[in-house]
Amino acid sequence: MTRTDSADAAPMLTFPFETMPDFGEMIEIADGILWTCIPLPYRLDHVNIYFLRDGDGWAVIDTAIRTEEAIGIWEAIFAGPMRGARITRVIVTHAHPDHIGLAGWMCARFDAPLLTSFSTYMGCQVISQGRSETATRHSFDFYRSHGMSEELASLVAIRGNEYLNRVTPLPLEFLRLVMADVIEIGTRSFRVMTGEGHAQEQVMLYCEEEKLLFSADQVIERISPNISVFEGDPHGDPLGHFLRSLRLMRSELPDDVLVLSGHRRPFYGLHARCAELEVHHEERCDLIRDACATAPRSVADLVPVLFPRTLDPHQMSFAFTETLAHVNRLVRRAEIETRESEERIVHVPAG
């Protein structure tokens with residue numbers, strides 16, 4: 001995920017909770033809605049988990065990643081503040097390990113159904129089959145064609161196998177959530193919305209009566225979700241999908257909703273945050289267009305333009321595919337064009 005300018009962001013947003021809960025600590029958002037955090041082994045070191053009162057039990061939104069530390073926090077929750085509680089439903093917003101990692105574990109523990117989108121369920125199932133040698137080679141060739149060094153491409157190409165260790169097997173059945181569905185959780189009604197760009201069919205839940213939006217990773221304070229091109233869809237336009245999703249949210253939802261996101265603090269100021277994210281990504285497109293105007297640039301050449309800090313292989317894989325997402329957006333808009341050779345793909349001004 002990329003940082004936006006927090007100095008600019010702060011005046012536009014208001015925060016009903018100034019601090020994050022400690023790992024496993026419960027904060028009451030509203031009557032029958034609880035918020036906690038589970039640790040992640042990454043620079044973004046937490047994921048938000050929400051509990052919604054659901055009859056005589058609780059529905060849970062997202063589950064965190066499969067690590068011993070995360071499982072330990074969950075065990076402390078079920079032995080402490082949620083002791084004796086029944087989990088009625090496990091709702092997963094999208095297929096990234098920090099959100100779906102322990103969904104199978106929790107469904108099995110409580111004999112609870114899994115609710116998610118078709119893309120999330122099937123995407124997780126496909127990735128969990130593991131990567132063949134052919135797929136790993138295709139990944140290597142993808143990164144090399146865009147200018148990445150052979151050594152780094154070798155490291156990044158095998159990173160996808162990490163998913164298998166971060167996600168427990170899902171149930172063999174699930175309840176599909178589709179855009180515009182309405183689901184009842186306890187006494188509340190939620191309209192299902194789905195967003196694109198960060199993940200396919202990312203599930204969001206909106207309670208119109210109380211103006212509550214569980215936004216997953218679509219809209220977060222201070223940081224932009226990672227927007228990456230999938231190597232199986234190398235000419236895809238996830239940034240375009242993301243920006244359209246933001247515009248849809250601004251048109252469909254009131255500005256005074258309480259945004260309950262997948263990371264960081266809940267906030268008010270949805271429209272301003274959506275607009276800020278749009279500006280943030282347009283500025284990054286400007287940087288790429290300006291760089292390509294001075295010389296032909298591969299994606300590898302452009303990564304330092306957007307991400308000037310030192311990156312480890314894990315961070316590089318996200319930075320690289322996010323840079324390509326901005327390149328593909330500019331190609332779609334006919335502002336730059338692609339030139340291919342046997343050595344690498346480069347980008348130059350259109351015309």
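Quick notes on this structure:
- Between Ile336 and Val331, Ala350, the built amide H atoms are under 5 Å apart, and every one of these is 5 or more places off in sequence or on another chain.
- Sequence-distant contacts, meaning Cα pairs under 8 Å at least 6 residues apart, place the relative contact order of segment 18-171 at 19 percent.
- Phi-based couplings in Hz for segment 299-315 (Karplus 6.51, -1.76, 1.60; Gly and Pro marked x): 4, 4, 5, 8, 4, x, 5, 8, 10, x, 7, 6, 10, 7, x, 5, 5
- When only the Cβ of Lys, Arg, Asp and Glu is charged (+1, +1, -1, -1), the dipole of segment 19-137 relative to its Cα centre reaches about 420 debye.
- Peptides 181-190, 217-226, ordered by how many other C-beta atoms sit within 10 Å of their residues on average, highest first, read 217-226, 181-190.
- Just checking the listed ones, Met249, Met82, Met148: in the Gaussian network model of the chain with Cα springs under 10 Å, the one fluctuating most is Met82.
- Ile185 long-range amide H proximity, modeled H, under 5 Å: Phe190
- Couplings 3J(HN,Hα) for segment 37-42, derived from phi with the Karplus relation 6.51 cos²θ - 1.76 cosθ + 1.60 (θ = phi - 60°), are 10, 10, x, 10, x, 10 Hz, where x marks Gly and Pro.
- Accessible area per residue for the chain, computed on protein heavy atoms with a 1.4 Å probe, is 44 Å².
- Approximate spin-label separation Arg309-Met179, in nm, with each point projected 7 Å along Cα-to-Cβ: 3.4 nm
- Computed in the context of the full set of protein chains, the accessible area of the chain at 1.4 Å probe radius has 51% of its extent on carbon or sulfur.
- Across the chain, C-alpha contacts under 8 Å between residues 6 or more apart give a mean separation that, scaled by the residue count, equals a relative contact order of 16 percent.
The values are calculated or read from the model by the stated rules, or taken from the named source; none is laboratory data. Because the structure is a prediction, the values reported are computed rather than measured. As a convention, Cβ positions derive from the backbone with ideal geometry for all residues, glycine included, and neighbour counts pool all protein chains shown. Side chains included, ligands, DNA and RNA excluded: accessible areas come from the protein's heavy atoms. Shrake-Rupley method; radii C 1.70, N 1.55, O 1.52, S 1.80 Å.
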